[in-house]
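First comes the structure, then the notes that go with it.
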Amino acid sequence: MKSALSGLLHILSAALLATLIPGMAAPQNSLQVVEVKTVLGADGVQPGMTTKVAAVARIAPGYHINDHKPTLDYLIPTEWKLELPSQVSVEKVVYPKGELKKFAFSETPLSVYEGSLTVGALLRVARTARPGAYTLKGKFNYQACNDHACLPPKSVPVALNVNVVRRGTPLKRLNADVFSSLGELEAAHKSL
């Protein structure tokens, strides 16, 4: 009787643990480690001109993602890939420089992003583009890690609308605070 009761207790304990453990793991799996939003540098762009766009990524505390140019060849780089309509082309993409950090799992310091980062792009609209809204889609690809393990690589879909306006239409600058941190992109925009 005592061994049957002991066996039953073991089975009930195992069943209880099996129900509790998935519930405990759920918050980690549902955690959005990286959130990405896109912003425009102006409220429109004229045909034949360039415009600035950016992807602003916020990384959850305790996590990092690899630099666009990772320290080690086998690390997955952070990349913003744009799918553009034929009337829009990419002139330049600017990634921030990562920060070298030492982690317990690597003897080599790794170049990573923590907190937030802004990736900027300079786009050119074709001279033949007709006025209207052009939807730009893309993906922000990354692999997030903490001090102990890496999560599987992930892609966050991103989209934004670029408003092409008639030549001579006055344009209003937007998001100056975001683009001020992208000096290389600003210099490229002014030189064109």
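Does L160 satisfy the criteria of being surrounded by fewer than 19 Cβ atoms within 10 Å (Cβ to Cβ), in a strand (DSSP E or B) and of a type in the set (A, V, I, L, M)? Give the steps one after another, and end with the answer.
On the way: surrounded by fewer than 19 Cβ atoms within 10 Å (Cβ to Cβ): yes; in a strand (DSSP E or B): yes; of a type in the set (A, V, I, L, M): yes.
Yes: the conditions hold for L160.
In region 32-49, which residues are touching a Lys or Arg at 6+ places or on another chain (Cβ under 6 Å) and buried (at least 18 other Cβ atoms within 10 Å of the Cβ)?
Within region 32-49, the subset touching a Lys or Arg at 6+ places or on another chain (Cβ under 6 Å) is 35, 41-43, 46-48.
Result: G41, A42, Q46.
State all residues of region 97-129 that are free of Cβ contacts under 8 Å to residues at least 40 places away in the same chain and outside any strand (DSSP E or B); if no residue qualifies, say none. Even if it seems obvious, please write down each step before you answer.
Of the residues in region 97-129, the ones free of Cβ contacts under 8 Å to residues at least 40 places away in the same chain are 97-102, 106-109.
K97, G98, K102, S106, E107, T108, P109, listed by residue number.
Being of a type in the set (A, V, I, L, M, F, W, C) and part of a loop (DSSP other than H, G, I, E, B) is the filter; apply it to region 130-157 and report the residue that is surrounded by the fewest Cβ atoms within 10 Å (Cβ to Cβ).
Of all residues in region 130-157, those of a type in the set (A, V, I, L, M, F, W, C) come to 133, 136, 140, 144-145, 149-151, 156.
Next cut, part of a loop (DSSP other than H, G, I, E, B) only: 149, 151.
Values: A149: 8, L151: 17.
By that ranking, first place goes to A149.
Each reported figure results from applying straightforward, stated rules to the coordinates on display, with no laboratory input. Values in this document were obtained by computation on a predicted structure and should not be read as measured data. Here Cβ is always computed from backbone atoms with ideal geometry, including for glycine, and neighbour counts include all displayed protein chains.
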